[in-house]
Each structure stands twice: as C-alpha cells, then as structure tokens.
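Below you'll find the structure, written out as structure tokens, and then a few comments.
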Amino acid sequence: MSKYKFKVIKPKSFKGNRLKKIAYAFKGYFPHNYIESDRIIIRHPRRRDWKSWVNLRRESYKFLNKWEPYWNIEDCNRSNYMKQLRSQRSKAAYDQAYSFLCFKKNNKELVGGINISNIQRSVMQTCNIGYWLGEPNIKKGYMEESMRSIIPYIFKNLKINRIQAFTLNNNISSRNLLEKLNFKHEGVLREAMKINNVWEDHILYALLNSDDG
C-alpha cells in the first residue's frame, strides 16, 4: 500500500479565549490550516471559493444526488454558499464541526470536499466524517489521497479517538475506499438518513486512533 506524507501549515492562529475565537469566526477571520499531500491541498473554504464550488456541484448534480441528502440545483448559488460558509465558521468556532475543500496542487482546481461533523468531546472524543467528489474527478485516487492526509490531522490535531463514517450499502466506491483506509464495518443503521428525500439504511464504519493505518 502506498504511503502518503502530509504536512500541516498554520500561517496564523487565534490567541486568547474561546469568546475571542468566536468573535473572529463571525467576522470571517477563521484561521486556515493547510494539509498537503503529493497531489492535493486541503484547506477550509473561503469566500472566493464560491464560484468553483457552485460550478462543480452543479456540474455533478446528477451524480451527487444519488448519495446525498436532497438539495435543489437552483439553490446551489453564491448566496447559499455564503450562508453555508457562515454556518461552517460558527460550528468550527464552537468545535462542533469542520469543513474542508480539496484542490489539485498543480493548478488549484477544486476536486471535492471533506466534512467533519457531530464532534463529541468528554468521554467520547468521536466525530463523523463525510466526503464528496465532483464527477469529473472520480476514479483518480484523489479522495483516497485526501482521506489518508486528513485522518492523521483529525487524530493528532483535533484529538479525536474515533472517526465514524456512514455510507449506503450500494455505494460500492465509498465502501471500498473506507475499507482501504482500514475502517471497520460495525453494522447497519436502519433508515439512518434521508438520501434524495428517501429514508435509507446506512452501513456504519469506524476507525480508531489505535487501529493500524
């Protein structure tokens, strides 16, 4: 199995307490962490990413709506991107969720995204992970490389012990990816989530910090 090197670059970080962090987040100054692998750069979304995000999501609508909660292509626009960005920054400031976009290193083209959500602290130290690729970028190894790069960041920087992933039984590509990454099949969650407005069972996978990569 290939080895993926990664490095995290922190050009700036907050100083002070959480209230200051939250205030900065609402002003749009949330710090950007870069995660870099051989072909991919992963970072938090920015305001200027709206056009690339909207174009890729619209271009990939028929492909993505088979696997995602329902969204209307007409609502995929700059205004809703900005609303989503504000929500992401708020959740990150409260340590509830973190969103990332994945770009090709050579030309900065957007290929997809990774979302870390439902973070639970105290005795849990657990999060969920979700990911998506634009249709032009599938079957090129971009998401495997991105996931191999971000998983050490989740364990080491976010101090998470257990990463959970939910996928549809018939999403073979997603299941194969998780199994390549050593996620363990833990069971079936009945009607766990609405996908394209239909309640669907989901396969639960999980990866522990103590698992061998």
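We did not get these values from a lab; they are worked out from the coordinates using the rules stated. Keep in mind it's a predicted model, so treat the numbers as computed, not measured. In this analysis, Cβ positions are derived from the backbone assuming ideal geometry, glycine residues included, and neighbour counts consider all displayed protein chains.
Please work out the Cα center distance from region 142-213 to region 31-64, rounded to the nearest Å.
20
Please list the non-local residues whose amide H lies under 5 Å from the amide H of Tyr131, H modeled 1.01 Å from N, same-chain partners needing a gap of 5 or more.
Excluding prolines and chain starts, which carry no amide H, the hits are Asn115.
For the pairs Lys66/Lys104; Lys91/Lys159; Lys51/Lys83; Lys105/Lys159; Lys156/Lys184; Lys108/Lys139, flag any whose C-alpha to C-alpha distance is greater than 23 Å.
Pairs exceeding 23 Å: Lys66/Lys104; Lys105/Lys159.
Considering amide H positions built from the backbone, and no H for Pro or chain starts, which residues 5 or more places from Asn196, or on another chain, come under 5 Å of its amide H?
Placed amide hydrogens put Glu68, Tyr70 under 5 Å from Asn196.
Between Asn171 and Val123, take the C-beta separation as r, use R0 = 35 Å, and let me know the FRET efficiency to the nearest 0.05. Show your work: numbers first, answer last.
Values: r = 31 Å, r/R0 = 0.90.
Computed FRET efficiency for Asn171 and Val123: 0.65.
Rounded to whole Hz and in sequence order, give me ³J(HN,Hα) for region 72-78 from the Karplus expression 6.51 cos²θ - 1.76 cosθ + 1.60, θ = phi - 60°, writing x for Gly and Pro.
8, 4, 5, 8, 8, 8, 4
Quick one: which residues, 5 or more positions from Tyr34 or on another chain, have an amide H under 5 Å from its amide H? H modelled 1.01 Å from N in the peptide plane, none for Pro or chain starts.
Close amide H contacts, sequence-distant or interchain: Ile9.
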